[in-house]
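The values are calculated or read from the model by the stated rules, or taken from the named source; none is laboratory data. As the structure is a computational prediction, the values presented were derived from the model and not from experiment. FYI the Cβ positions are ideal-geometry reconstructions off the backbone, even for glycines, and counts take in every protein chain you see. Please note that ligands, DNA and RNA were not included when accessible areas were found on the heavy atoms of the full protein model with its side chains. Shrake-Rupley method; radii C 1.70, N 1.55, O 1.52, S 1.80 Å.
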Amino acid sequence: MQVVVVDSVTELTSRSRDEVAVTGSHGGEFSGRAALAARVRGVVFSDAGGGRDQAGVSALAFLAGQGVAAAAVAADSARIGDGHDVWRSGIVSARNEVAAALGVEPGMTCRVAAEQLTRNPVPTEHPADPPTEARTLVADGRVRVWAVDSASLAGPRDDGAVLVTGSHGGLPGGDPARALNCVPVLAAFNDAGVGKDDAGIGRLAPLDDRGVAAVTVSAASARIGDGVSTWEDGVISHVNAAAARLGATEGTRLRDLVGRLLREGIDR
């Protein structure tokens, strides 16, 4: 029985089928759907600090209903976006009823928990289709504002737009090249409770190096994994220098900042 370690749940493939996945992803519902589509028998996420409506672990209950054992480690025990740090250092903070029946308990190390998860029987009715992600146009004008549930949706079509994501602000695998796959005029992420080594805001500096304005919103203010919640509810918690030049400040509602920029014109 193999334990697969990945920085993002979106990296799981058909080769992960029936295995246990240890991921650097948040435990929001989209992550749960991605794990389900990969047909794993068990999965470990980051709890992303829990956050609003405990969205950072909402995948656990969803997966329990599908027979998949799932657990999350505390964001302050392991760097979000870094699957290998979750594997090495993660301490379990939450688990679903399927994992609990296998002996997984809060306070357990990720390594021990993952070994317990390998004993879960293979669920028999996994869906074959990948999860869908919302992409919503939330404002339109000279600059379009897109709310997306995951930064994995981003691409060249988002160059020059405002991109509001439900993704954590962590840097996948610690690789600056993976900070974002487009050049928006402003990008927003969820700070995932910030966590160990400030990992939840790890994308901001590499994006600043590219001249991309980027902010995070507090995980307590908006549901992680939900781009529309980032837009409607998000309160800015951290900004990079490029965003500060646009007038972004901590404590400001994200949509208020974007509304002002749209009225006044965005000039990087």
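Need a quick list: strands (runs of 3 or more DSSP E) entirely within the stretch 35-130 having at least 1 residues that are more than 16 Å from the chain's Cα centre (by Cα) and surrounded by fewer than 24 Cβ atoms within 10 Å (Cβ to Cβ).
Fully inside the stretch 35-130 and qualifying: 92-95.
Kindly provide the set of residues from the stretch 218-235 that are β-branched (Val, Ile, Thr) and closer than 12 Å to Phe30 by Cα, ordered by number.
Ile224 - this is the single residue of the stretch 218-235 that is β-branched (Val, Ile, Thr) and closer than 12 Å to Phe30 by Cα.
Quick one: which residue in Ala214, Ala242 is of a type outside the set (Asp, Glu), at pLDDT 95 or above and within 26 Å of Gly28 (Cβ to Cβ)?
None of the other options fit; the residue is Ala214.
So which of Val44, Val40 is in contact with a Phe, Trp or Tyr (Cβ under 9 Å, 6 or more places away or on another chain) and either more than 27 Å from Asp233 (Cβ to Cβ) or hydrophobic (A, V, I, L, M, F, W, C) (or both)?
Exactly one residue qualifies, and that residue is Val44.
Can you find even one residue in the stretch 155-172 that is free of Cβ contacts under 8 Å to residues at least 40 places away in the same chain and closer than 23 Å to Ala72 by Cβ?
no
Check off (1) at pLDDT 95 or above; (2) open to solvent by 60 Å² or more (accessible area, probe 1.4 Å); (3) part of a helix (DSSP H, G or I) for Glu250 and give me the number that stays unchecked.
Status for Glu250: all satisfied but (3).
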